[in-house]
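Student: Okay, handing you the structure first.
The values are calculated or read from the model by the stated rules, or taken from the named source; none is laboratory data. Just so it is clear, the model here is predicted, and its values are computed rather than measured. All Cβ positions, even for glycine, are placed from backbone atoms using ideal geometry, and neighbour counts span all protein chains on display. Side chains are part of the model used for accessible areas, which takes the heavy atoms of the whole protein and leaves out ligands, DNA and RNA. Shrake-Rupley method; radii C 1.70, N 1.55, O 1.52, S 1.80 Å.
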Amino acid sequence: MNFLEERIQKDGIVKEGNVLKVDSFLNHQMDIELFDQIGAEFQKRFAGKPINKILTIEASGIGIACMTAKHFHAPVVFAKKSKSINIEGEMYVAEVESFTHKCKNQVIVSKKFLGPDDHILIIDDFLANGCALQGLISIVTEAGATLEGIGITIEKGFQAGGRIIRNLGYHLESLAIVDAMDPQTGHITFRSQD
């Protein structure tokens with residue numbers, strides 16, 4: 001069991017409807033020491049790739065992306081879920097469906113922050129059905145950038161997202177893959193990884 005699986009086992013809460021609550025350390029209250037460990041692990045798993053930008057989606061992925069970017073010495077670009085008056089000029093736009101929030105959002109990235117010279121590592125906190133990732137991948141493709149890999153903190157292995165993304169041929173690394181969760185007992189089964 002790796003450091004993240006141990007933390008999920010210790011502090012994660014399994015709820016009905018395939019919900020894994022990790023808000024005490026990952027996506028509401030953030031354990032920065034843990035995030036630094038996560039960033040170091042992503043740097044190890046994608047070592048040797050010419051990554052010069054980290055891409056994520058607001059909001060829960062931003063903290064993890066920032067700590068990962070520290071290890072790559074690269075900036076973070078995050079896709080915004082709503083257009084604000086601060087965003088000007090041309091934009092890349094993708095529609096994504098959120099498993100957590102049960103809604104569709106348009107996400108946007110200013111064209112001045114992504115382009116053909118960029119080598120992108122996508123980072124996110126969760127992978128369930130893969131819709132958010134597919135939206136980010138489409139933005140990278142539209143920008144003419146190179147997608148070097150995708151780093152996911154927790155993948156729900158019993159949902160289709162990971163299989164879909166891997167079948168598309170992308171280098172996807174998930175630090176913890178949950179194969180089953182029992183809301184009655186709170187037991188979490190992790191997929192063994194090499």
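Student: What number of residues in region 23-48 are under 17 Å from the mean Cα position of the chain (by Cα), surrounded by 13 or more Cβ atoms within 10 Å (Cβ to Cβ) and assigned to a loop (DSSP other than H, G, I, E, B)?
Tutor: The total comes to 7.
Student: So which residues in region 112-130 are outside any strand (DSSP E or B), of a type outside the set (A, V, I, L, M) and surrounded by 19 or more Cβ atoms within 10 Å (Cβ to Cβ), if there are any at all?
Tutor: Passing the criteria: Asp118, Gly130.
Student: Do you know which of the residues in region 171-184 that are touching a Gly at 6+ places or on another chain (Cβ under 8 Å) and farther than 25 Å from Cys103 by Cβ is surrounded by the most Cβ atoms within 10 Å (Cβ to Cβ)?
Tutor: If we take residues in region 171-184 being touching a Gly at 6+ places or on another chain (Cβ under 8 Å) and farther than 25 Å from Cys103 by Cβ, then Leu175 is surrounded by the most Cβ atoms within 10 Å (Cβ to Cβ).
Student: Next question. Go through Ile123, Ile150 for me and flag whichever is under 14 Å from the mean Cα position of the chain (by Cα), closer than 16 Å to Phe78 by Cα and without any contact (Cβ under 8 Å) to a residue 40 or more places away in the chain.
Tutor: Only one candidate passes the filter, namely Ile150.
Student: Also, quick follow-up: So Ile51 passes all but one of these: (1) in contact with a Phe, Trp or Tyr (Cβ under 8 Å, 6 or more places away or on another chain); (2) closer than 15 Å to Asp124 by Cα; (3) crowded, with 20+ Cβ neighbours inside 10 Å. Which condition number does it fail?
Tutor: The number of the failed condition is (2).
Student: Another question, then. Looking at region 64-116, which of the residues that are among the hydroxyl-bearing types (Ser, Thr, Tyr) and within 16 Å of the chain's Cα centre (by Cα) is modelled with the lowest pLDDT?
Tutor: That would be Thr100.
Student: Let me ask something additional. Of all residues in region 64-82, which are open to solvent by 20 Å² or more (accessible area, probe 1.4 Å), within 27 Å of Glu95 (Cα to Cα) and assigned to a helix (DSSP H, G or I)?
Tutor: The answer is Cys66, Met67.
Student: Among the residues of region 132-166, write down those that are assigned to a helix (DSSP H, G or I) and either open to solvent by 40 Å² or more (accessible area, probe 1.4 Å) or among the basic types (Lys, Arg) (or both).
Tutor: Gln134, Ser138, Thr141, Glu142, Arg163, Ile164, Arg166
Student: Just to be sure, is Leu20 touching a residue at least 24 places away in the same chain (Cβ under 8 Å) and not in a helix (DSSP H, G or I)?
Tutor: Spelling it out, Leu20 is indeed touching a residue at least 24 places away in the same chain (Cβ under 8 Å) and not in a helix (DSSP H, G or I).
Student: Taking interchain pairs and intrachain pairs at least six residues apart, which have beta carbon atoms under 8 angstrom, with the first residue in region 25-42 and closer than 13 Å to Ala176 by Cα and at pLDDT 95 or above and the second among the β-branched types (Val, Ile, Thr) and open to solvent by less than 40 Å² (accessible area, probe 1.4 Å)?
Tutor: Cβ pairs passing all conditions: Ile38/Ile64; Ile38/Thr68; Ile38/Thr153; Phe42/Thr68; Phe42/Ile123.
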